[in-house]
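J.: Quick one: the structure is below, questions incoming.
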Amino acid sequence: MDTLKANSENTHKHPIVVVGAGPAGLTAAAECVRLRGGSGEGVTLLEQDPSTVGGISRTVCHKGFRFDIGGHRFFSKNPEIVRWWQERLPEDFLSVRRQSRIFYQGRFYDYPLKPWNALRNLGFLESLLCGLSYVHRRMWPIRPETSFADWVSNRFGNRLFRHFFKTYTEKVWGIPCTEISADWAAQRIQGLSLMRAVWNAFSKPQPGGPVVKTLIDRFQYPRLGPGMMWEQTRDDLLKAGVNIQMGRKVTEILWQNTVPDSDKRRVVSVRTLTPDGKTEDWAGKEFILSMPLRETLQALRPLPPEATQRAARSLLYRDFMTVALLIRQPEKNAVLFPDNWIYIHDNQVQMGRIQNFNNWSLEMVPQPKEGTLTCLGLEYFCNQGNTLWEKPDEELLTLAKRELMQVGIFPSGAVRMPGLRVEDGCVVRMPKAYPVYGMKYRDTLRVIRKELENFSNLQVCGRNGMHKYNNQDHSMMTGLLAARNIADQARPPEKKLFDLWSVNEDSLYQEEV
């Protein structure tokens, strides 16, 4: 096949090729180096972005101030991951007190739940109705439980679902809750129910007891943001001799049968496009891919069967924008609001969440001699190509200022006040930030996984690589295990020691809805 003939003048031969420099890809490359005794020779890391590593866990620096693409807490129940973080940034972690609220119907609700606050905001009658709704659904649960709406209603009742889950979830995903698979809720908020939330609100956590991430009150955070972790990892890899190539977009994955007329296959090389439009082929013995799963299947050459292609095309993603605003206040050490972040459960505004990065780390925003500078990150969930995504940056900055006034962060007209004003801002767009769990998600992945099992030297890892809404530590774990599968020479190559798909499959590790 012509597609398998690599141009001898433009072919780079390395035993291990890792695609994607997000948490999963960087961790996989680092583990390959560790298992090779600290040598990165023979390891190539290809990243589509021309200059930045970290994927969605990057930290953006704009005119001296920093902000995340979404806030990234460093919390894990896996001690190996915690050690991994601490070894790379031993002096740079802060212990941050977590504070967050929900903005809903013009009121702010403490989150995690504080019953008296919720009771006061909802009112006695509505709180009573919510309790009765919960009892009703516990006695008569929805069966079969197929959608996100079913899953949450069964555990919180219909009224609380409508109050605190429906609006925000549909804003995040852009589809009705009845079209989101219950698998997503089972993975992200497994183990959490109304009774458990109330119990945690009134009781003190027992030392050594189970930890629900949604309910933790402190977390670790690098003083200059999560990008600090991944920039340090990149520097460590370069020092070890790993061949890191930026601005390389994978366009084709070239493979061949190991036995004629059989399903046993090996990847020969990946073909990339450089920023100046040139193609390069990267040959290897083992391949670890954290690029979006849909793109992986579509890049296979020869193409997989039509049923697999159809399954790949059905994989959907939700895109994401951060509109960062730098706000000046006239008072020294002023606090615009005390939360790390606020969820916006209000369909009168388009933003879904507000981050206050001063409350993550004071080093994110250098402070002037007079007054206070605060960096807010207003988060918008959208799809590439829609009206919001295509708005010019200036219009998005104007929209963000207006919506801050609508939710009361700014008093009306404050952006024109001489003391309190928006001093600067920028917009960052992040395509394919979140893999969508559609109603046929499980069946779709079953088809794709069956196809990938035919490859003896190809592994997929990470959030987008597996189309699995993993947290940062779970994505890292899939990268670690992929590298260890390669290092295990005692088994035949088609027999992988670790099943990457089982990571976070039965976890009690929680994230917010």
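J.: Residues in the range 115-148 that are under 26 Å from Ala186 (Cβ atoms) and out of contact with any helix residue (DSSP H, G or I) (no Cβ under 6 Å at 6 or more places or on another chain): how many?
T.: 10
J.: Which one of these is touching a residue at least 40 places away in the same chain (Cβ under 8 Å), assigned by TED's automatic domain parsing to the domain that holds Cys461 and of a type in the set (A, V, I, L, M, F, W, C): Leu94, Leu89, Leu122, Leu45?
T.: Details: Leu94 fails: assigned by TED's automatic domain parsing to the domain that holds Cys461; Leu89 fails: assigned by TED's automatic domain parsing to the domain that holds Cys461; Leu122 fails: assigned by TED's automatic domain parsing to the domain that holds Cys461.
The conditions single out Leu45.
J.: Does any residue of the range 113-124 turn out to be over 26 Å from Arg73 (Cβ atoms) and part of a loop (DSSP other than H, G, I, E, B)?
T.: yes
J.: Counting only residues that are surrounded by fewer than 19 Cβ atoms within 10 Å (Cβ to Cβ) and not hydrophobic (A, V, I, L, M, F, W, C), how many does the range 434-453 have?
T.: Total meeting the criteria: 7.
J.: Could you tell me which numbered condition Gln245 fails, if it satisfies all but one of (1) part of a loop (DSSP other than H, G, I, E, B); (2) surrounded by fewer than 20 Cβ atoms within 10 Å (Cβ to Cβ)?
T.: It fails just one condition, (1).
J.: Please go through the range 268-316 and give me each residue that is part of a strand (DSSP E or B) and more than 17 Å from Gly20 (Cα to Cα), ordered by number. Before the answer, list the steps.
T.: First, the residues of the range 268-316 that are part of a strand (DSSP E or B): 268-273, 279-283, 286-289, 300-301.
Within the range 268-316, Val268, Thr279, Arg301 qualify.
J.: Restricting the first residue to the range 129-157 and requiring it to be not assigned by TED's automatic domain parsing to the domain that holds Asp183, which pairs with a second residue that is assigned to a loop (DSSP other than H, G, I, E, B) meet a Cβ separation below 8 Å and a spacing of at least six or different chains?
T.: Listed by first residue and then by second, the contacts come to nothing, as the list is empty.
J.: Now for a different question. Looking at (1) over 21 Å from Asp339 (Cβ atoms); (2) modelled with pLDDT under 90; (3) touching a strand residue (DSSP E or B) at 6+ places or on another chain (Cβ under 8 Å); (4) of a type in the set (Asp, Glu), which is the one condition that is false for Glu179?
T.: (2)
The values are calculated or read from the model by the stated rules, or taken from the named source; none is laboratory data. No experiment lies behind these values; they were computed from the predicted model shown. Cβ coordinates were reconstructed from backbone atoms using ideal geometry, including for glycine residues, and neighbour counts include every protein chain displayed.
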